[in-house]
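The next block holds one structure in the form of structure tokens; read it before the comments.
The values are calculated or read from the model by the stated rules, or taken from the named source; none is laboratory data. Note that the coordinates shown come from a computational prediction; the quantities given were computed from them, not determined experimentally. Methodologically, a virtual Cβ is constructed for each residue, glycine included, from the backbone with ideal geometry; neighbour enumeration extends over all protein chains shown. Side chains included, ligands, DNA and RNA excluded: accessible areas come from the protein's heavy atoms. Shrake-Rupley method; radii C 1.70, N 1.55, O 1.52, S 1.80 Å.
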Amino acid sequence: MHENYHRSPAYLGLQPLRIPAGWTVNWNTLHATSRAEDGGFGGSSLFNAVNQGRRFAIDVAFRPEFDPAGWFELEVEYQPWPRTEKGKRQQGVPFRFDDRAEVVHGFRTRSYDELVAELEAWIARCTVWTREGN
């Protein structure tokens, strides 16, 4: 069965995205034929990717779920580096998002094409963006 996945509609219909090295895509249910008017979007998230080295996460959701009048919502979060009492970056601390995470960008649209353009732009930006120094 797994040898046929590359020919399945679930695979062939995936939205092509430009994602540089450094990103981990946790899930992707964006399809090239997706439209807000269809309202067939459920689950808490449609796309989620993390760049640990740059400390960013990008999430795409559809709100409200399964509502043809709904919209796509993109959110970019940044997790600050853990710091010592003297303000230096702590090394060796496991990476995770916590209550210090900051939302650095939010975007809403009903247009799937605008969503994809915004998603790729923020993936590119967060690949090179340094939010804080040493």
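Taking the range 105-132 only, how many residues are open to solvent by 50 Å² or more (accessible area, probe 1.4 Å), of a type outside the set (S, T, N, Q) and either closer than 15 Å to Gly53 by Cα or in contact (Cβ under 8 Å) with a residue 60 or more places away in the chain (or both)?
Matching residues across the range 105-132 total 6.
If a residue counts only when it is acidic (Asp, Glu) and open to solvent by 70 Å² or more (accessible area, probe 1.4 Å), which strands (runs of 3 or more DSSP E) contained entirely in the range 1-78 have at least 1 such residues?
Correct list: 71-78.
Could you tell me which of the residues Gln79, Gln91 is of a type outside the set (A, V, I, L, M, F, W, C) and within 17 Å of Arg131 (Cβ to Cβ)?
It is Gln79.
Are there any pairs, at least 6 apart or on different chains, whose C-beta atoms fall under 7 Å, with the first in the range 64-80 and aromatic (Phe, Trp, Tyr) and the second in a loop (DSSP other than H, G, I, E, B) and open to solvent by 50 Å² or more (accessible area, probe 1.4 Å), and if so, which?
Phe66/Gly40; Trp71/Arg110; Tyr78/Arg131
In this structure, does Glu85 turn out to be of a type outside the set (Ser, Thr, Tyr), within 17 Å of the chain's Cα centre (by Cα) and exposed (fewer than 15 other Cβ atoms within 10 Å of the Cβ)?
When the stated conditions are applied, Glu85 does not pass them.
Would you confirm whether or not the range 89-104 contains a residue that is buried (at least 16 other Cβ atoms within 10 Å of the Cβ) and either in a strand (DSSP E or B) or over 12 Å from the mean Cα position of the chain (by Cα) (or both)?
So far as the range 89-104 goes, no, none of its residues is buried (at least 16 other Cβ atoms within 10 Å of the Cβ) and either in a strand (DSSP E or B) or over 12 Å from the mean Cα position of the chain (by Cα) (or both).
For Thr33, which of the numbered conditions (1) β-branched (Val, Ile, Thr); (2) touching a Cys at 6+ places or on another chain (Cβ under 9 Å); (3) at pLDDT below 90 fails to hold?
Result: Thr33 passes all but (2).
Contact list please: Cβ distance under 7 Å, first residue in the range 8-28 and over 12 Å from Leu46 (Cβ atoms), second residue loosely packed, with under 11 Cβ neighbours inside 10 Å and at pLDDT below 95, pairs at least six apart or on different chains.
Tyr11/Tyr5; Gly13/Thr33
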